[in-house]
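Nothing in this text is a laboratory measurement; each read-out follows from the coordinates by a stated rule. Computed from a predicted model, the values in this text were never measured in an experiment. All Cβ positions, glycine included, derive from the backbone under ideal geometry; neighbour counts span all protein chains shown.
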Amino acid sequence: MNQRELPPGIDEPVFAEPWQAEAFALTVALHEKGLFSWGEWAEALSAEVKRQDASDDGHDYYEHWLAALEKLLVSKGVAPTAEVDALAAAWERAAHATPHGKPILLENDPQR
Amino acid sequence: MAARVRALETILTQKGLIDPAAIDVIVDTYETKVGPRNGARVVARAWSDPAYADWLRQDATAAIASLGFTGRQGEHMQAAFNTDETHNLVVCTLCSCYPWSVLGLPPVWYKAPPYRSRAVIDPRGVLEEFGLTLPKDKKVRVWDSTAELRYLVVPQRPAGTEGWSEDDLAGLVTRDSMIGTGVALEPEAA
């Protein structure tokens, strides 16, 4: 018998961090745009959350969600991994270059 | 993670696949507008109105939509009514399919591997961890959600609530009671 402990049933906020909300909303919006069916999405998400290294407490759920979305966008030819990597690095540099309290803009990336 | 999401958002916006303003609306909807209060209204209506309960039993998608709650993924809804003989429990073993339109987004435990694997193998053990011990002769029926079909458990109406308004009844209906990991509150506990 599998006795893996259930995570606590507390009423946690819907999203723990803003990026989780954004990744969620991107998926909903792209489905509504018709880029993929919800069945395709469920299959992609299932492949990620069933990985052996998925945490029992579910804290990494949106990391799996994001990985599923990235892979689906690669398979649809919309966002190649190299392009996402390069832009993510640019956003990181922009964040570091932006003074605290100011909105982070991609234009703030010193290498742009 | 945040930078990767920003990167995706940038690419998708440039390609005209998303509108950043629409993204904000979706976030706001799921953070503040959609939640288990919707499902509680469905249950309270079913408790109060036998004709509505019949409709919910036969065509949950339409009966729920009539109260203004419609899914965005084109999914169908099915209501699973608890009875003296049978307790219903909902899970998604595949991933985390959940009736968003009536319950909002799922709690962390619903999405986590232990619940997804154990709800089917050992439903009674899972229910006991939620503090719910069922009589031995009561059957537990487990419903495995899919992308196309989502379930709403209709808990049994607590005794001592005769003549209550729908609003008051809805106050007894918890999120967990509509997943099946709980039952409706007793009148004195509400």
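Rounded, prolate or oblate, given the Cα gyration tensor of the range B:35-189, with a/c below 1.5 counting as rounded? Intermediate values should be presented prior to the final figure.
On the way: a/c = 1.69, a/b = 1.12, b/c = 1.50.
Since a/c reaches 1.5 but b/c is at least a/b, the shape of the range B:35-189 is classed as oblate.
Sort by residue number and report every cysteine in chain B with no other cysteine beta carbon within a distance under 4.7 Å.
Those would be B:95, since no other cysteine Cβ in chain B comes under 4.7 Å of theirs.
Charges on Cβ only, +1 for Lys and Arg, -1 for Asp and Glu, centred on the Cα centroid of the protein assembly as shown; of B:125, A:67, B:172, which one is farthest towards the dipole's positive end?
A:67
At most 10 other C-beta atoms within 10 Å and a DSSP loop state: those are the exposed trypsin sites (Lys or Arg not before Pro) I care about. Give me the longest piece of chain B that has none.
Numbers: sites that count: B:15, B:136.
My reading of the result: B:16-135 is the longest stretch.
Multiply the residue separation of residue B:84 and residue B:22 by 0.36 nm, subtract the distance between their alpha-carbon atoms, and state the gained length in nm to one decimal.
Gain on extension, residue B:84 to residue B:22, equals 17.8 nm.
For residue B:149, enumerate residues with amide H under 5 Å from its amide H, sequence gap 5+ or separate chain, H modeled in the peptide plane.
Answer set, sorted by chain and number: B:76.
Once you've got the Cα coordinates, tell me which of A:50/A:76; A:33/A:102; B:33/B:111; A:50/B:15 are over 27 Å apart.
Numbers: A:50/A:76 22 Å; A:33/A:102 32 Å; B:33/B:111 21 Å; A:50/B:15 31 Å.
Cα-Cα > 27 Å for A:33/A:102; A:50/B:15; rest within.
Which whole-number percent of Cα pairs in the range A:19-63 have a distance greater than 15 Å?
I get 50 percent for the Cα pairs in the range A:19-63 exceeding 15 Å.
Residues of the range B:60-84 with backbone nitrogen within less than 19 Å of a virtual label 7 Å along the Cα-to-Cβ line of residue B:166, please, listed as ranges.
Backbone N within reach: B:60-71, B:79-80.
Could you sort the peptides A:74-82, A:31-39 by per-residue average Cβ neighbour count (10 Å cutoff), highest mean leading?
Order by mean packing, descending: A:31-39, A:74-82.
Assuming 0.36 nm per residue, please report the length gained on full extension of the stretch residue A:81 to residue A:33 beyond their Cα-Cα distance.
Full extension of this stretch gives 15.1 nm more.
So, with +1 on the Cβ of K and R and -1 on the Cβ of D and E, and no other charges, what is the size of the charge dipole of the protein assembly as shown about its Cα centre, to the nearest 20 debye?
So the magnitude is around 500 debye.
Count, for each residue of B:86-98, the Cβ atoms from other chains sitting within 10 Å of its Cβ, then give me the mean as a whole number.
On the way: counts 0, 0, 0, 0, 0, 0, 3, 2, 7, 14, 8, 4, 0.
Averaged over the peptide's residues, the number is 3.
Within a 10 angstrom radius of each residue's Cβ in A:29-39, how many Cβ atoms of other chains show up on average? Whole number is fine.
For peptide A:29-39, the averaged partner shielding equals 5.
Give me a single rounded figure for B:104-110: the average over its residues of other chain Cβ atoms within 10 Å of their Cβ.
Details: counts 1, 4, 3, 8, 12, 8, 5.
Average per residue, whole number: 6.
Between residue B:15 and residue B:186, how many nm apart are label points set 7 Å from Cα along the C-beta direction?
Result: 5.7 nm between the two label points.
What shape does the range A:3-112 take by its C-alpha gyration tensor, where a ≥ b ≥ c are the square roots of the eigenvalues and a/c under 1.5 counts as rounded, a/b above b/c as prolate, and the rest as oblate?
Cα axes put the range A:3-112 in the oblate bin.
What ratio of Cα Rg to 2.2 N^0.38 Å holds for the protein assembly as shown? Spell out each step's value before the answer.
Details: Rg = 21.1 Å, N = 302, 2.2 N^0.38 = 19.3 Å.
For the protein assembly as shown, the normalised Cα radius of gyration is 1.10.
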